[in-house]
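Report on the following structure.
Every read-out reported here was derived from the displayed coordinates using simple, explicitly stated rules and does not represent laboratory data. The shown structure was predicted, so the numbers you read here are calculated from the model rather than taken from an experiment. Positions of Cβ are generated from backbone atoms using ideal geometry, with glycine treated the same way; all protein chains shown enter the neighbour counts.
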Amino acid sequence: MKDKIRVAVIGCGNIATSAHIPAYMASENAEIAYFCDIRPERADAAVEKNGCGKAVYDYHEILDDPGLDAVSVCTHNDMHSVIACDFMRAGKDVLCEKPAARILSEAVEMQKVSYETDRILSIGVCNRYSAAVNKIKRLIDEGVLGEVYHVYASFRAYRSIPGLGGDFTTFAASGGGSLIDWGVHYLDLVEYVCSDPEPLTVSGSAFSKLGSPISDYIYTSMWAEQDYDPNGTFDVDDSVTGLIRTSGPVITFNGAWAENIDEPGTFIDFIGTKGGIRHQYCGGFTLYTVRDGMLIRSEPQFRRNDMHRDEVLDFVECVRKHERNRNDISNAILTSKIMQAVYDSSEARREIVL
Ligand SMILES: NC(=O)c1ccc[n+]([C@@H]2O[C@H](COP(=O)([O-])OP(=O)(O)OC[C@H]3O[C@@H](n4cnc5c(N)ncnc54)[C@H](O)[C@@H]3O)[C@@H](O)[C@H]2O)c1
């Protein structure tokens with residue numbers, strides 16, 4: 001086992017500066033060797049702020065550094081597959097932000113390279129590290145809900161299209177909108193809690209109704225205005241709905257970055273024969289059970305955690321031990337399969353059999 005690993009952060013934007021970099025800085029077992037961004041000022045600022053590492057503006061320069069053990073890929077979705085595969089082929093382990101990739105074939109290639117090169121490839125589906133999510137998983141594994149036959153996920157907002165006219169709203173950069181950006185977390189969370197059931201059939205519809213043209217879109221909050229380009233592209237889904245039959249429960253979902261109902265709902269219902277759980281996304285949960293002729297509703301209290309931080313710290317330990325973890329591409333790829341099938345189903349206007 002390695003004492004201390006040397007890592008590089010590729011892409012020094014929002015998620016890198018808010019999650020990956022602080023977690024590596026907090027780890028006794030990791031040292032940031034490089035901050036890399038094609039926007040030099042971002043790499044330079046990261047070096048200055050953190051007082052360590054070297055700024056680089058082209059990741060190819062560090063591929064062959066024999067002292068580099070692992071990288072966090074925190075660029076936008078279009079570069080995930082390319083950068084992750086380049087580093088794995090160069091012998092480095094990779095923690096790649098979610099979604100694994102824009103389309104399923106890119107994610108499949110990443111999985112293939114990960115196993116061919118025997119390099120760890122973890123995907124940033126951070127809810128797998130949430131204390132609340134793991135409590136729910138345990139209750140379900142212990143049979144408290146009985147048979148969980150239906151899971152419903154709601155990730156609906158009123159006016160929350162992000163980064164108007166930027167990477168998030170441009171298909172070529174993102175591979176999709178509300179489903180691939182938000183839905184990926186919800187679907188992966190459900191897959192994890194329900195022990196990674198295989199998707200069997202998928203029916204979905206993705207809509208792109210409110211964001212185009214962007215100049216007509218009325219927003220009230222969020223960070224939409226950051227880098228706002230009124231002439232920018234909007235060619236992704238702003239809402240989505242679907243039904244997935246799996247080897248476990250049926251999963252249904254409604255999601256929207258924006259829709260003309262101001263009743264935002266970000267929760268997941270796990271519905272079983274003996275009980276149910278409503279998980280408030282990124283929050284706690286309500287447990288509904290039946291006992292001795294009583295309907296019981298409880299709000300379990302427990303210590304919360306920083307799931308992003310714990311995800312990065314676990315990655316560090318897995319690199320040191322050369323062990324795959326719960327965010328391994330082989331688990332995360334189920335969500336890529338589902339999302340691809342939702343988009344395919346929407347386009348074909350029929351159910352997809354996997
Ligand atoms: N896990 C989560 O909850 C979560 C939250 C936010 C974002 N994300 C994901 O993180 C990724 C980045 O999102 P963000 O909001 O941080 O975006 P961002 O635009 O703030 O940051 C991306 C950075 O990557 C840089 N970059 C682009 N191409 C590069 C290249 N070839 N080499 C080096 N740097 C490059 C950009 O200049 C930019 O600074 C996305 O895939 C997004 O889906 C995950």
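Overview of values
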| read-out | value |
| --- | --- |
| Dipole of the chain [Lys/Arg +1, Asp/Glu -1 at C-beta], most positive-end residue of 14, 341, 165 | 341 |
| Gyration tensor over alpha-carbon atoms, the chain, equivalent ellipsoid semi-axes in Å | 33, 26, 19 |
| GNM flexibility winner over the chain from 199, 249, 66 (Cα, springs under 10 Å) | 66 |
| Unit charges at the beta carbon, dipole of region 108-157: most positive-side option, 131, 144, 113 | 131 |
| Magnitude of the charge dipole, the chain, Cβ model with Lys/Arg +1 and Asp/Glu -1, debye to 20 | 1080 debye |
| Translational diffusion of region 139-267, µm² s⁻¹ [Kirkwood Rh, Cα pairs; Stokes-Einstein; 37 °C; 0.692 mPa s] | 211 µm²/s |
| Among 86, 65, 237, residue whose mean-square fluctuation peaks in a GNM of the chain (springs only between Cα atoms under 10 Å) | 65 |
| For region 49-112, fraction of C-alpha pairs farther apart than 17 Å, in % | 41 percent |
| Flagged links, alpha-carbon separation over 24 Å, of 137/274; 4/49; 4/112; 2/49 | 4/112; 2/49 |
| Partners for residue 135 among aspartates and glutamates (Cα-Cα distance below 20 Å; same-chain residues under 8 apart left out) | 147, 188, 191, 196, 269, 299, 306, 310, 311, 314 |
| Rule-of-thumb Rg ratio for region 257-354 [Cα; 2.2 N^0.38 Å; N residues] | 1.52 |
| GNM flexibility winner over the chain from 130, 18, 122 (Cα, springs under 10 Å) | 18 |
| Debye, to nearest 20: dipole size of region 299-354, +1 on Lys, Arg Cβ, -1 on Asp, Glu Cβ | 60 debye |
| Dmax and Rg, reported as Rg then Dmax, of region 101-190 (C-alpha, Å) | 16.6, 46 |
| Computed over region 1-67, the ratio Rg/Rh where both radii use C-alpha atoms and Rh is Kirkwood | 0.95 |
| Dipole magnitude of region 79-194, debye to nearest 20 (Cβ charges: Lys/Arg +1, Asp/Glu -1, about Cα centre) | 280 debye |
| Selection from 47, 244, 205, by position along the positive dipole direction of the chain (Cβ) | 244 |
